[in-house]
1. Being modelled with pLDDT of 95 or more, of a type in the set (A, V, I, L, M, F, W, C), assigned to a loop (DSSP other than H, G, I, E, B) and over 26 Å from Ser232 (Cα atoms), is that true of even one residue in the range 113-122?
2. Listed residues Leu59, Leu27, Leu81, Leu69; which is closer than 22 Å to Pro10 by Cα and touching a residue at least 12 places away in the same chain (Cβ under 8 Å)?
3. Is the range 173-183 home to any residue that is closer than 27 Å to Asp38 by Cβ and either basic (Lys, Arg) or out of contact with any Asp or Glu (no Cβ under 7 Å at 6 or more places or on another chain) (or both)?
4. Say we look at the range 14-46 and pick out the residues that are surrounded by fewer than 18 Cβ atoms within 10 Å (Cβ to Cβ) and in contact with an Asp or Glu (Cβ under 9 Å, 6 or more places away or on another chain); which of these is farthest from Leu196 (Cα to Cα)?
5. Which residue pairs have Cβ atoms under 9 Å apart, sit 6 or more places apart or on different chains, and have a first residue in the range 169-197 that is in contact (Cβ under 8 Å) with a residue 24 or more places away in the chain and a second that is open to solvent by 20 Å² or more (accessible area, probe 1.4 Å) and among the aromatic types (Phe, Trp, Tyr)?
6. Can you name the number of the only condition in (1) in contact with a helix residue (DSSP H, G or I) (Cβ under 7 Å, 6 or more places away or on another chain); (2) among the aliphatic types (A, V, I, L, M); (3) crowded, with 20+ Cβ neighbours inside 10 Å that Met1 fails?
7. When the range 137-165 is examined, which residues are found to be in contact with a Lys or Arg (Cβ under 7 Å, 6 or more places away or on another chain) and open to solvent by 10 Å² or more (accessible area, probe 1.4 Å)?
8. Name the residues in the range 63-82 that are aliphatic (A, V, I, L, M) and open to solvent by less than 50 Å² (accessible area, probe 1.4 Å), would you?
Amino acid sequence: MPWVETSAPPFLARHPSGEADGARRILATLMSARERVDAVLDVQLPEITVVIHDNELLLSLAHPVLPLLRRLTVPAARRYLAGWAAAGELHVLTPDLLARRASSVPGSREMLRLVPAALYARLAVGAANPRLPPPFTPAATLRYARWAWLVEGAAQWLSGQTPHARAAVVRRLREGPAPEFPPARADAALLGGSVLELTAREEGPEAVARMVTRLHPDGGRAALREAFGGRSLTHTEAAWRASLRR
């Protein structure tokens, strides 16, 4: 099937000719997300190419690190790693394939529908802070490993996925030990958004933007202490764990 292009500036979708309707749906999701993401992070990204794959294997072959990241992620979150953000590009599955990855629990289908928005938010994070990926330079990759909860959490929260993650969070809490605070790399894609949601609710979206754009030299716990006005991390962690239990 030949590939064609569908444009909705600043997005240019490349997709199989039979996926024109799916491309329009993905572009509509991206256009909706762009207003919120750009407003919070104060960025304006140039033209972005959106490559829409109608085959999961082809997506994995295009970005071999994606299957590896799934294996390094807690089982409850793996199905939601369904795309990749590179410099100036997003790679994502068609809406039908995204829907097929959904489980029967509430929120799963909505989380997957918003995958393109989360990928765009990750691009915006890299634009707002050049020290964070994308692009995945060696230095940025090492930094990402340390700040995965912030990168993935910002993408989840900015895209609107966080409210739909509740059932997956419940599964995670039942299947493993108590998560670290801030979440470790394996939990970042699922639990990072809850940390950013708590920050925005108590300190405002501006506090989220400050954490994303200016990484604290002493790491994540110091960044959270500062974001919450210097209050004890014990208090903030207790509030976060209570929100997870709810």
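The values are calculated or read from the model by the stated rules, or taken from the named source; none is laboratory data. Predicted model, so just to flag it, every value in this text is computed and none were measured. Here the Cβ is made from the backbone with ideal geometry for all residues, glycine too, and neighbour counts use every protein chain on show. Ligands, DNA and RNA are excluded from the accessible area calculation, which covers all protein heavy atoms including side chains. Shrake-Rupley method; radii C 1.70, N 1.55, O 1.52, S 1.80 Å.
1. yes
2. Exactly one residue qualifies, and that residue is Leu27.
3. Yes: the range 173-183 contains one or more residues that are closer than 27 Å to Asp38 by Cβ and either basic (Lys, Arg) or out of contact with any Asp or Glu (no Cβ under 7 Å at 6 or more places or on another chain) (or both).
4. The extreme case among them is Gly18.
5. Ala189/Tyr80; Leu190/Tyr80; Gly192/Trp157; Gly193/Trp157; Ser194/Trp157; Val195/Trp157; Leu196/Trp157; Glu197/Trp157
6. With respect to (1) in contact with a helix residue (DSSP H, G or I) (Cβ under 7 Å, 6 or more places away or on another chain); (2) among the aliphatic types (A, V, I, L, M); (3) crowded, with 20+ Cβ neighbours inside 10 Å, Met1 is out only on (3).
7. Arg143, Ala145
8. Leu66, Leu69, Val74, Ala76, Ala77, Leu81, Ala82
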